[in-house]
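The values are calculated or read from the model by the stated rules, or taken from the named source; none is laboratory data. Bear in mind that the values here come from a model prediction, so they are computed numbers and not experimental data. Using ideal geometry, Cβ is built from the backbone for each residue, glycine included, and neighbour counts are taken over all protein chains shown. Please note that ligands, DNA and RNA were not included when accessible areas were found on the heavy atoms of the full protein model with its side chains. Shrake-Rupley method; radii C 1.70, N 1.55, O 1.52, S 1.80 Å.
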Amino acid sequence: MMLLSIKDNLGYYLSESGESIPVDKITKEELLRLVNLTLSEEVEFEDYDENALKNQAHQIVYKSILEKLRGIRDRKQEFIDESERLFLKEYEKYRGEPSQQST
């Protein structure tokens, strides 16, 4: 799944509905959705190309999002392992507590 792409000299991200939306219109909710997709699925990103992106705002936003999502993708297993450790710790804490039932 291609999450970031460059078309017609502008940067785009893949919206929840499957549309390509200009990166300068991204919301924090959409950014979080891209992070979750990056962690849970096999995703792709079109490489940053300053010459293909003519709009300076798109250059800045696209490059920033691309670097962050690639970093997350590269550390995906580390994120998964850490979340499993935290879950296990809380689960064991919960199992170890005596029941609060009244008699």
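Take the residues in the range 48-63 that are surrounded by 14 or more Cβ atoms within 10 Å (Cβ to Cβ) and in contact with a strand residue (DSSP E or B) (Cβ under 7 Å, 6 or more places away or on another chain); name whichever of them is nearest to Leu4 (Cα to Cα). If you could, list the steps in order and put the result at the bottom.
Initial filter on the range 48-63 (surrounded by 14 or more Cβ atoms within 10 Å (Cβ to Cβ)): 48, 52-53, 55, 58-63.
Cutting the leftovers down to in contact with a strand residue (DSSP E or B) (Cβ under 7 Å, 6 or more places away or on another chain) gives us 52-53, 55, 58, 61-62.
Working: Ala52: 13, Leu53: 13, Asn55: 16, His58: 12, Val61: 11, Tyr62: 8 Å.
That would be Tyr62.
Give me the pairs, please: first residue somewhere in the range 69-94 and touching a residue at least 60 places away in the same chain (Cβ under 8 Å) and under 13 Å from Thr38 (Cβ atoms), second residue anywhere and part of a helix (DSSP H, G or I) and among the β-branched types (Val, Ile, Thr), beta-carbon distance under 6 Å, and either six or more positions apart or on two chains.
The qualifying pairs are Leu69/Thr38.
Please give the number of the condition Leu4 fails out of (1) modelled with pLDDT of 95 or more; (2) part of a helix (DSSP H, G or I); (3) under 30 Å from Glu84 (Cα atoms).
Every listed condition holds for Leu4 apart from (2).
Say whether the condition of being open to solvent by 90 Å² or more (accessible area, probe 1.4 Å) and either touching a Phe, Trp or Tyr at 6+ places or on another chain (Cβ under 7 Å) or modelled with pLDDT of 95 or more (or both) is met by at least one residue in the range 81-89.
no
Of everything in the range 45-75, what is farther than 12 Å from Asp24 by Cα and assigned to a helix (DSSP H, G or I)? Give them in sequence order.
Quick first cut of the range 45-75, residues farther than 12 Å from Asp24 by Cα only: 45-54, 66-75.
Listed by number, the residues that qualify are Leu66, Glu67, Lys68, Leu69, Arg70, Gly71, Ile72, Arg73, Asp74.
Which of the residues that make up the range 11-35 are of a type in the set (A, V, I, L, M, F, W, C) and open to solvent by 50 Å² or more (accessible area, probe 1.4 Å)? Working first, answer last.
Our first condition is that a residue be of a type in the set (A, V, I, L, M, F, W, C); within the range 11-35, this holds for 14, 21, 23, 26, 31-32, 34-35.
If the condition is that a residue be of a type in the set (A, V, I, L, M, F, W, C) and open to solvent by 50 Å² or more (accessible area, probe 1.4 Å), then Leu31, Leu32 are the ones that fit.
Any idea which residue in the range 36-47 is surrounded by the fewest Cβ atoms within 10 Å (Cβ to Cβ), counting only those that are in contact with a strand residue (DSSP E or B) (Cβ under 7 Å, 6 or more places away or on another chain) and of a type in the set (D, E, K, R)?
Step by step, filter the range 36-47, then rank; the result is Glu44.
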